[in-house]
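Notes follow once the structure below has been shown.
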Amino acid sequence: MSVGPFLQQMAQKKDTALLIVGHGSTVNPDSSVPTLAHAVEIRQRNIFGEVQCAFWKEEPSLRDAIYLFDSETIKSVCVVPNFISEGYFTQTVIPRELELNGQITKRANGQIWNYAEPVGNHPMMTELLLQRARDIAPGVPEDETTFLIVAHGTDLNENSAAAAKREAEKIRALRRYANVINVYMEESPLVSDWTVLTRSPNVVVVPFFISDGLHSYEDIPVLLGIADKRSTSSLERKGEEVFRRGPYKIDNRSLYYASSIGTDPRVADIIVEQATNAAGANDSVN
């Protein structure tokens with residue numbers, strides 16, 4: 001990803017901080033791993049004065065994040081939700097907990113907080129999905145393959161499923177795969193119906209999630225019929241097994257199952273660009 005003029009200017013200003021917001025989990029320690037890894041990578045690039053993470057279900061909490069940056073040295077903060085889509089958390093929880101008044105919030109201490117779009121909204125997500133599909137099924141003819149993008153889906157916010165639908169439409173328009181379908185765990189079309197939804201001899205499944213955990217290690221494999229629901233002492237070990245065991249042979253078809261898209265190292269590039277865009281909007285206002 002190229003470095004734009006604004007980012008070059010930002011690199012000279014160490015009074016700007018980056019806050020990456022993740023969901024986190026009280027039961028799955030792997031949930032925060034990608035967010036922390038992306039923070040380490042971005043910190044090494046020496047773009048921002050500080051790079052910190054905050055989580056809804058882990059420490060440091062979102063409410064504590066308000067006090068992470070010294071207003072004497074940090075004049076502006078870019079907040080990037082490490083979430084796949086707009087929805088309940090990006091539109092309600094994060095703004096509420098961080099006391100944000102919209103895209104631009106000025107604190108009593110003088111800090112300007114810029115609220116960016118979630119990583120899943122970035123155009124580069126399309127290429128990440130395509131690359132993940134190529135990596136998991138190398139050499140498999142795309143015109144004989146159905147591409148399934150799996151998201152959670154929820155009744156809480158209709159926008160939750162929008163990102164997966166958008167990406168499926170963009171990849172479908174390329175006319176490279178036999179079919180491209182957005183499927184969900186909790187709303188139609190259901191991932192559990194994949195044998196009815198697909199007709200091609202090959203099926204590639206990419207979870208449209210930020211991290212690997214209970215959903216990608218256990219829930220989705222069970223819904224796909226490639227694993228039995230059983231307890232294990234190590235989610236990480238289960239993940240390694242389910243991702244490496246393919247292709248799975250079901251109904252005389254080959255199913256390839258990838259790890260979650262948010263674990264791709266290039267998500268760090270997306271986070272930087274989302275922060276740049278948010279800060280650039282503030283710069284244009286001023």
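Spin-label model, residue 188/residue 106: points 7 Å from Cα along the beta carbon direction are separated by 5.1 nm. For the range 159-217, the fraction of 1.4 Å probe accessible surface lying on carbon and sulfur atoms is 50 percent.
Convex hull volume of the C-alpha atoms in the range 48-148, normalised per residue: 132 Å³. In this structure, residue 179 and residue 214 have a Cβ-Cβ separation that, at R0 = 30 Å, corresponds to a calculated FRET efficiency of about 0.60.
Quick check on the range 155-229: what are the equivalent-ellipsoid semi-axes from the Cα gyration tensor, as sqrt(5λ), descending, whole Å?
For the range 155-229, the ellipsoid semi-axes come out as 20, 17, 11 Å.
Residue ranges 162-170, 44-52, 269-277 sort as 269-277, 162-170, 44-52 when ordered by packing (mean number of other C-beta atoms within 10 Å per residue, highest first).
Between residue 117 and residue 91, full extension at 0.36 nm per residue minus the direct alpha carbon distance yields a gain of 8.4 nm. Amide H contacts under 5 Å for residue 53: 20, restricted to partners 5 or more places along the chain or on a different chain, H placed in the peptide plane at 1.01 Å from N. Taken over the range 85-228, the convex hull of the Cα atoms encloses 125 Å³ per residue.
The values are calculated or read from the model by the stated rules, or taken from the named source; none is laboratory data. Everything numeric here is computed off the predicted structure, so don't read it as measured data. A quick note on method: Cβ atoms are made from the backbone with ideal geometry, for glycine too, and the neighbour counts reach across all protein chains shown. Surface accessibility is based on the protein's heavy atoms, side chains included, excluding ligands, DNA and RNA. Shrake-Rupley method; radii C 1.70, N 1.55, O 1.52, S 1.80 Å.
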